[in-house]
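Q: Have a look at the structure that comes next, please.
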Amino acid sequence: TCWYRFFGTPTSSRRVLWEMLGAMLILYDVITLPLMAFDPLEDPFNALMRWLVLLYWTLNVYHQLTVGFIQDGVCVLNPRSILLRYVKGMLWVDLVTLVPDWTSTFLILTASGKGGDSLEQESDSVRVLRFLRGIRVTRLIRVVKLQWMVELARDFLESEYSSILFDISKMMLLLLALNHGIACAWFQLSLTGADYGWKTWTGQQGYSVDEVSWQYQYLTSLHWSMTQFTPASMDLQPQNEMERGFAIVVILLALVVFSYIVGSITGSLTQLRVMSEKLSAETLKLRRFLRNNRVPLGLSMRIRRFVEFERSE
């Protein structure tokens, strides 16, 4: 029928490129959304990226309604089935993320039209804006979409050695991303406690926006987060019940997550060591064979280089 020309398969090159762009924007959100706790200064690049992310996920609604899906090995292009699948799945994620995004953007534009400090003077608007900015973190739900990108990248790795190094790098990045999120939550917890007049770790350290840059505050929070995953320590302690409870939860989380990541990395390094030992043993046998059969030195070097090249492939 005529509507099929508006629909595409999920494996078409155009759809894959669109999803790859979305994956890059998700990575951008993973980095920048938690940093909202530090209220970094706005710059043209981040302003442009904020609009790009907002427009992309808005247009992505149309994309999801015009792309089929694989079910039982068959590509389904029926509009009704696609709509029902979207309503049962990503509709609620889009509502939770896009509505606050557009609302906060509208409030910012309205405030800038009234004057540079008009929004700051209206405490109710400031609270609403902070709440809406906090809801933006729900965009991180889309992180689950990165799984297909990881599998796609793995398909380009032909050697087992590269695949093992890829797994180690993935675990290291996962650990860093987790510590990044915990660090930002730790700092936001301090700001929340300060709003209620509680004693907080930022107050105990004497940190203020006027005296300490947000970059230093972030690095301090990241340092604290990483010490919860390792035997290291630093002179920064929780100062109230909320911070103490958060620290306990982080320690319990670190006990499980860090053990899993370290175990995975150890297993990968063991595989590398076994491969290296096997390669060294085979290379030694080859050298002995060439020496015992009195193969000329030039030919022997050419043979060894050829074998090394084939193994690297």
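The values are calculated or read from the model by the stated rules, or taken from the named source; none is laboratory data. It should be emphasised that the depicted structure is a prediction, and the values quoted were computed from it without experimental measurement. Backbone-built Cβ (ideal geometry, glycine too); neighbour counts: all protein chains shown. Heavy atoms of the whole protein, side chains included, go into the accessibility calculation; ligands, DNA and RNA do not. Shrake-Rupley method; radii C 1.70, N 1.55, O 1.52, S 1.80 Å.
Q: So how many residues does segment 67-86 have that are of a type outside the set (F, W, Y), surrounded by 15 or more Cβ atoms within 10 Å (Cβ to Cβ) and more than 11 Å from P10 (Cβ to Cβ)?
A: 2
Q: Still on this structure: Tell me, yes or no, whether segment 268-275 has at least one residue that is in contact with an Asp or Glu (Cβ under 8 Å, 6 or more places away or on another chain) and either open to solvent by less than 50 Å² (accessible area, probe 1.4 Å) or aromatic (F, W, Y) (or both).
A: yes
Q: Open to solvent by 20 Å² or more (accessible area, probe 1.4 Å) and either in contact with a His (Cβ under 8 Å, 6 or more places away or on another chain) or farther than 16 Å from F38 by Cβ (or both), is that true of Q204?
A: Criteria met by Q204.
Q: Here's something else I'd like to know. Hey, among L146, L132, L109, L178, which residue is modelled with pLDDT of 80 or more and either of a type in the set (D, E) or part of a helix (DSSP H, G or I) (or both)?
A: When all the criteria are applied, what remains is L178.
Q: Any idea how many residues of segment 29-55 are assigned to a helix (DSSP H, G or I), loosely packed, with under 15 Cβ neighbours inside 10 Å and in contact with a helix residue (DSSP H, G or I) (Cβ under 9 Å, 6 or more places away or on another chain)?
A: Summing the residues that are assigned to a helix (DSSP H, G or I), loosely packed, with under 15 Cβ neighbours inside 10 Å and in contact with a helix residue (DSSP H, G or I) (Cβ under 9 Å, 6 or more places away or on another chain) in segment 29-55 gives 4.
Q: Might you let me know whether segment 206-217 holds any residue that is of a type in the set (A, V, I, L, M, F, W, C) and at pLDDT 85 or above?
A: no
Q: When residues of segment 60-85 are filtered for being of a type in the set (S, T, Y) and at pLDDT below 85, how many remain?
A: 2
Q: Going residue by residue through segment 155-167, is there one that turns out to be modelled with pLDDT of 85 or more and surrounded by fewer than 16 Cβ atoms within 10 Å (Cβ to Cβ)?
A: No, because not a single residue in segment 155-167 is modelled with pLDDT of 85 or more and surrounded by fewer than 16 Cβ atoms within 10 Å (Cβ to Cβ).
Q: So if I check each of L222, L253, which one is modelled with pLDDT of 85 or more, open to solvent by less than 60 Å² (accessible area, probe 1.4 Å) and not polar (S, T, N, Q)?
A: Going through L222, L253 in turn, just one is modelled with pLDDT of 85 or more, open to solvent by less than 60 Å² (accessible area, probe 1.4 Å) and not polar (S, T, N, Q): L222.
Q: Can you tell me which residues in segment 228-247 are loosely packed, with under 11 Cβ neighbours inside 10 Å and assigned to a helix (DSSP H, G or I)?
A: E241
Q: Still on this model: Do you know which residues across segment 294-305 are open to solvent by 90 Å² or more (accessible area, probe 1.4 Å) and part of a loop (DSSP other than H, G, I, E, B)?
A: R294
Q: Report the residue count in segment 56-87 for those that are free of Cβ contacts under 8 Å to residues at least 12 places away in the same chain and outside any helix (DSSP H, G or I).
A: 6
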